[in-house]
1. For segment 213-239, enumerate the residues that are surrounded by 13 or more Cβ atoms within 10 Å (Cβ to Cβ) and of a type in the set (V, I, T).
2. Would you call E156 among the acidic types (D, E) and touching a residue at least 60 places away in the same chain (Cβ under 8 Å)?
3. For K43, state whether it is open to solvent by 80 Å² or more (accessible area, probe 1.4 Å), farther than 14 Å from L85 by Cβ and at pLDDT 95 or above.
4. Scan segment 109-152 residue by residue and report those that are out of contact with any Pro (no Cβ under 7 Å at 6 or more places or on another chain), surrounded by 19 or more Cβ atoms within 10 Å (Cβ to Cβ) and among the basic types (K, R).
5. Does E343 count as surrounded by fewer than 18 Cβ atoms within 10 Å (Cβ to Cβ) and of a type outside the set (A, V, I, L, M)?
6. What's the total number of residues in segment 144-185 that are under 22 Å from the mean Cα position of the chain (by Cα) and in a loop (DSSP other than H, G, I, E, B)?
7. Which one of T93, T89, T78 is of a type in the set (V, I, T), over 16 Å from R162 (Cα atoms), open to solvent by less than 10 Å² (accessible area, probe 1.4 Å) and touching a helix residue (DSSP H, G or I) at 6+ places or on another chain (Cβ under 7 Å)?
8. I need a count of the residues in segment 23-54 that are over 21 Å from E300 (Cβ atoms) and of a type outside the set (D, E, K, R).
Amino acid sequence: MKDHSFLSHDRFLLATFSTNCAGGMTVSKLPDRWVANWENNLKLGRMLDEAGIDFMLPIARWIGYGGETDFHGGVLETVTWAAALLASTKRITVFATVHTAANHPVVVAKQMATMAQIGGDRVGLNIVAGWNQPEYEALGLTLPADHESRYGYAQEWFDVVRKLWRSEDKFDWDGAYFKLKGAYGNPRPTTMPPIINAAGSGQGRDFAARNANFLFTPAIDLARSKDEVAELKAKGTASGRKVDVLTFSHVVCAPTEAEAKARWQHTLDNADWAAVDNLVKLQFAHAQSFPHDLLALIRERMAAGHGGFPLVGTPEQVADGICALHAAGFRGTTLSFVDYVKEFPYFRDTVLPILHARGIR
């Protein structure tokens, strides 16, 4: 199976994140916060496609984070969302985010193969091994306390998916977690879908090094990030694979720095702090992606961007921030806005030309 064309160029990748979720990446009570309905996602998807943005990445959520707004309580399911976007666009890659514990690998393999036909092999898979305990409880599932169990299950899950994509023959599977008899995949993708995994634990990052094309991680401090990215790439090399590192950013772009900073502060002044604190508590209790010694900084960034790297300022300053991520070794970043449809055109018209002129796009 040949590699996906998504992996064959070296430009700095740009994407959007969480547009299928109410509020997007902004934990806010603002009345003009993102409305994650299909109309808005379709409008944005076509806009991104025409602008040459590389991919769209959703978050798979089943319950929200409470607070006044129940942040992420309203969410479009990611497989059907991705399939519809692939049918409605021409060039952009669209990822489906899938929880291994809640989705059978034989079903997911078939869904992905179907979406590959719908979109001409423009589909990607974001694998989630699990971290959100209340969500597991809402699904009637048990979140293993140890990362070894979570990633042991995820490894076998993805081994089954790959076998279904690559084998033309029926096969039996007698594993620790799956017992299959006479399984096979038809149709199969003609190109291996690109794989994303967000992992903070040692076991999770070993899983990503073995299986993913991209490890997805926060950029809180770029000096730390430079060392972290180099270490993660080396981990992939040690596994005999090329693994790149992606991060996520939140954009507040305006003609003047003062206006951008005022909009950032306006978001913080209207944050749903109860939901923010629930989100931070869950991340720190069950996930290891965020550095625990930067809690105060992270809390503010969780409110305005779900912990993403802040790109706040003029178009030139926002471009500087993206170039700094590139210089730190990241392969790309997702972008979020308070209102994606309203704010992306200004980013498209003012920031993208700067990135092209600087040679990273």
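The values are calculated or read from the model by the stated rules, or taken from the named source; none is laboratory data. Since we're looking at a predicted model, the values are computed, not measured. For neighbour counting, all protein chains shown are included, and Cβ atoms are generated from backbone atoms with ideal geometry for every residue, glycine included. Areas reflect the complete protein model, heavy atoms only, side chains present, ligands, DNA and RNA absent. Shrake-Rupley method; radii C 1.70, N 1.55, O 1.52, S 1.80 Å.
1. Matches in segment 213-239: T217, I220, V229.
2. When the stated conditions are applied, E156 does not pass them.
3. no
4. R122
5. no
6. 0
7. Just one listed residue meets the conditions, T93.
8. Total meeting the criteria: 15.
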